[in-house]
Amino acid sequence: MAEAAPAAEVVAEVAVAAKLSIGLIGLPNVGKSTLFNALTDAGALAANYPFATIEPNTGVVPVPDERLQALANIYNTDKIVPATVEFVDIAGLVAGASKGEGLGNKFLANIRECQAVVHVVRAFEGGDIVHVNNTISPKNDVEIINTELILADVQTIENHLPKVAKLAKTDVKSKAKLDYLTSLQNTLLSGQTISSMPEKNLDPEKLDGLQLLTAKPVIYLLNVDETTLSSPEKQATILHDSGLAKTAKSVFVNAKLEEELRALPPDEQKEMLAEYGVKEPGLNKLIKAAYDTLGLQSFLTAGAKEVRAWTIAKGSSAPQAAGVIHTDFEHGFIAAQIINYDDLLAAGSEAAARAQGKIRTEGKTYTMQPDDVVEFRFNV
């Protein structure tokens, strides 16, 4: 029997694909754990010495989304379930980690479990905070981290090549994989990360599930002082001098400001941000950058029981989006009733939106849009 069910009513068996896990990496004492605490309220140990963080700390934070409260007002519900991001504060890295220095092997293993990495880079002076290399140089810090990740990937490929080479003697696909991995290894040895390679040169199938560290998307989170936070000119100089101007996405934050913001109500947060000359907290900027880097977006479900945001990949079809909520939704998908969020807000109620002809029915080939408010129809 076909049933129409608001997606928000089924909360069990949420697909793993909806989980967004981001690892915070960086040298010791760059402000990584302080930022993690500010972002997640998790209370990780933040100390002025290397390896204060030994085991990775994990914090799950809601994705800021003002649309959810507006929908809750329309549907007269108190239950709001935002999309979430899991942040993992990974132990500080030092030169030689790829050979086991510091907490090297443990550090590298923790990175493999994350979908993306946020590389926290210190770009502020401060005599009371000890830098592991006794000098403030974002360029050097970035190079140290990248070098260790590259060396770890080279070692991973080296360990895997003998197996592929053996198969390549009698198998054409294995020969192509051997050639590809050897080419990839040469690229790494030239100092280039996999994520910085042209996309057309990447072949996930031939990576053979190796979980190479430098293949993960990277966002650079530059921890700066108060004056730099509100100065595009100073930020541009840091990006140029550190070699990040033409690389991955970069976000500028001030760790102390983020700490202070987390203790304030929303209205006071806005006032403090205005005093610093910035428009939104670092968490918001970081999550937006993560969604963009990973090619993600959200869609919405709403009803009297709850309103909820769900994370999907950009370009997902309606059945794929339904599957993020519950696997049965995708398998038995019939159709999706959709209204644009702005149209629903303007109408003031679902009934009014329907009367205005704003609610439409879409089939299996429909590509989900970020402002879709959806009710899925499916076969049980």
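The values are calculated or read from the model by the stated rules, or taken from the named source; none is laboratory data. As the structure is a prediction and not an experimental result, all values here were calculated from the model. Ideal geometry is used to build each Cβ from the backbone, glycine not excepted, and the neighbour counts take in all protein chains shown. Accessible surface areas use protein heavy atoms only, side chains included; no ligands, DNA or RNA. Shrake-Rupley method; radii C 1.70, N 1.55, O 1.52, S 1.80 Å.
Which condition from (1) touching a strand residue (DSSP E or B) at 6+ places or on another chain (Cβ under 8 Å); (2) touching a residue at least 60 places away in the same chain (Cβ under 8 Å); (3) in a helix (DSSP H, G or I) is the one that Asp292 breaks?
(2)
Look at Lys234 and say whether it is within 24 Å of Tyr276 (Cα to Cα), touching a helix residue (DSSP H, G or I) at 6+ places or on another chain (Cβ under 7 Å) and basic (Lys, Arg).
The answer is yes for Lys234.
I'd like the residue in the stretch 310-324 that is in a strand (DSSP E or B) and under 16 Å from the mean Cα position of the chain (by Cα) and, out of all such residues, is farthest from Lys216 (Cα to Cα).
Looking at residues that are in a strand (DSSP E or B) and under 16 Å from the mean Cα position of the chain (by Cα), I get Trp310.
Just to check your reading of the model, which residue among Glu306, Glu280, Glu271 is farther than 30 Å from Gln192 by Cβ and at pLDDT below 90?
Glu280
Can you pull out the residues in the stretch 324-359 that are open to solvent by less than 40 Å² (accessible area, probe 1.4 Å) and in contact with a Phe, Trp or Tyr (Cβ under 6 Å, 6 or more places away or on another chain)?
Result: Val324, Phe329, Gly332, Phe333, Ala336.
Take the residues in the stretch 50-102 that are crowded, with 20+ Cβ neighbours inside 10 Å, over 21 Å from Ile150 (Cα atoms) and of a type in the set (S, T, N, Q); name whichever of them is modelled with the lowest pLDDT.
Per the stated criteria, the residue is Thr53.
Restricting the stretch 159-186 to residues that are among the polar types (S, T, N, Q) and open to solvent by 30 Å² or more (accessible area, probe 1.4 Å), which is farthest from Glu143 (Cα to Cα)?
Thr170
Can you find a residue in the stretch 360-380 that is open to solvent by 80 Å² or more (accessible area, probe 1.4 Å) and in contact with a Gly (Cβ under 7 Å, 6 or more places away or on another chain)?
Yes - at least one qualifying residue is present in the stretch 360-380.
Residue pairs, Cβ under 8 Å, 6 or more apart or interchain, first in the stretch 184-207 and in contact (Cβ under 8 Å) with a residue 12 or more places away in the chain, second open to solvent by less than 50 Å² (accessible area, probe 1.4 Å) and of a type in the set (Asp, Glu). List them.
That search, which allows pairs on different chains as well, returns Leu188/Asp153; Ile194/Asp153.
Quick one: is Ile238 more than 30 Å from Lys79 (Cβ to Cβ), open to solvent by less than 50 Å² (accessible area, probe 1.4 Å), part of a helix (DSSP H, G or I) and not polar (S, T, N, Q)?
Yes, satisfied.
Inside the stretch 156-215, can you point out the residues that are of a type in the set (Ser, Thr, Tyr), more than 26 Å from the chain's Cα centre (by Cα) and not in a helix (DSSP H, G or I)?
Thr170, Ser190
Could you pull out the residue among Phe378, Phe329 that is modelled with pLDDT under 90, not in a strand (DSSP E or B) and not charged (D, E, K, R)?
Phe329
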